[in-house]
Amino acid sequence: MRVAKRVLVVEDNELNLKLFCDLLRAHGFETEPVRDGREAVAKARAFLPDLIITDIQLPHMTGLELIQMLKADARLRTVPIMAVTAYSGRDDEDRVRTAGANAYVTKPISVVRFVGEVRALLPVEEVRRVEGESDNDTPPLPSPRT
């Protein structure tokens, strides 16, 4: 049995938001889409994600500002952040990582690289069952005595 990891996706472009969420769901992740960076911290506090993916070019605030706000929040500072951006220069990656992002993926995204970065930040944990344990809460019946 697997426990679905939760991913908050912050992206103002509707097509990219749908692509990222569909891709993540297809790989077994639970997603929460957010279109406005100003709502992202509150949504993250409510959703309690295992990973946050954010665009860097957002209206009203930059992704760098959002990353800094998330890292300043006591409840969210340990959540890994993956930045997705059209910026592709070495200085851009350095600024994004300095702000607190754990991973950096450039647009247009490579699906393989995108999923690879997500998996690197969120290794899938298998929940092991004890031998004889069933999927329901009903304890096994005792063996009949002869």
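The values are calculated or read from the model by the stated rules, or taken from the named source; none is laboratory data. Since we're looking at a predicted model, the values are computed, not measured. Cβ coordinates were reconstructed from backbone atoms using ideal geometry, including for glycine residues, and neighbour counts include every protein chain displayed.
Please verify whether the range 99-107 includes one or more residues that are among the charged types (D, E, K, R) and touching an Asp or Glu at 6+ places or on another chain (Cβ under 7 Å).
Taking the range 99-107 first, the residues among the charged types (D, E, K, R) are 107.
This time we only want the ones that are touching an Asp or Glu at 6+ places or on another chain (Cβ under 7 Å), so: none.
So far as the range 99-107 goes, no, none of its residues is among the charged types (D, E, K, R) and touching an Asp or Glu at 6+ places or on another chain (Cβ under 7 Å).
For the range 41-52, which positions are within 15 Å of the chain's Cα centre (by Cα) and without any contact (Cβ under 8 Å) to a residue 60 or more places away in the chain? Show your work before the answer.
Going through the range 41-52, the residues within 15 Å of the chain's Cα centre (by Cα) turn out to be 41, 43-52.
Val41, Lys43, Ala44, Arg45, Ala46, Phe47, Leu48, Pro49, Ile52 - these are the residues of the range 41-52 that are within 15 Å of the chain's Cα centre (by Cα) and without any contact (Cβ under 8 Å) to a residue 60 or more places away in the chain.
Please work out if Val96 is crowded, with 19+ Cβ neighbours inside 10 Å, over 15 Å from the mean Cα position of the chain (by Cα) and in a helix (DSSP H, G or I). Show your work before the answer.
Values: crowded, with 19+ Cβ neighbours inside 10 Å: yes; over 15 Å from the mean Cα position of the chain (by Cα): yes; in a helix (DSSP H, G or I): yes.
For Val96, the condition - crowded, with 19+ Cβ neighbours inside 10 Å, over 15 Å from the mean Cα position of the chain (by Cα) and in a helix (DSSP H, G or I) - is met.
Residues of the range 63-89 being exposed (fewer than 13 other Cβ atoms within 10 Å of the Cβ) and either in a helix (DSSP H, G or I) or of a type in the set (A, V, I, L, M) (or both), which ones?
The answer is Ala72, Ala74, Ala86.
Quick one: how many residues across the range 27-62 are modelled with pLDDT under 95 and assigned to a helix (DSSP H, G or I)?
2
Which pairs do you get when a residue that is over 20 Å from Leu24 (Cβ atoms), found in the range 53-66, comes within reach of a residue that is modelled with pLDDT of 95 or more and polar (S, T, N, Q), reach meaning Cβ atoms under 8 angstrom, with the pair 6+ apart or on two chains?
Close Cβ pairs satisfying both conditions: none exist.
Within the range 1-32, work out how many residues are within 14 Å of the chain's Cα centre (by Cα) and either among the small types (Gly, Ala, Ser) or closer than 15 Å to Ile56 by Cα (or both).
9
How do the pairs read when you match residues in the range 95-115 that are on the phi > 0 side of the Ramachandran plot with residues anywhere that are outside any helix (DSSP H, G or I), using Cβ under 8 Å and keeping only pairs 6 or more apart or on different chains?
Note: pairs meeting the criteria are Gly100/Ile81.
Only residues that are assigned to a helix (DSSP H, G or I) and under 14 Å from Lys71 (Cα atoms): list them for the range 99-112, please. Walk me through how you get there before you give the answer.
First, pick out the residues of the range 99-112 that are assigned to a helix (DSSP H, G or I): 99, 111-112.
Passing the criteria: only Ala99.
For Arg25, indicate whether it is closer than 23 Å to Pro123 by Cα and basic (Lys, Arg). Explain how you work it out, then say what you get.
Working: closer than 23 Å to Pro123 by Cα: yes; basic (Lys, Arg): yes.
Yes, satisfied.
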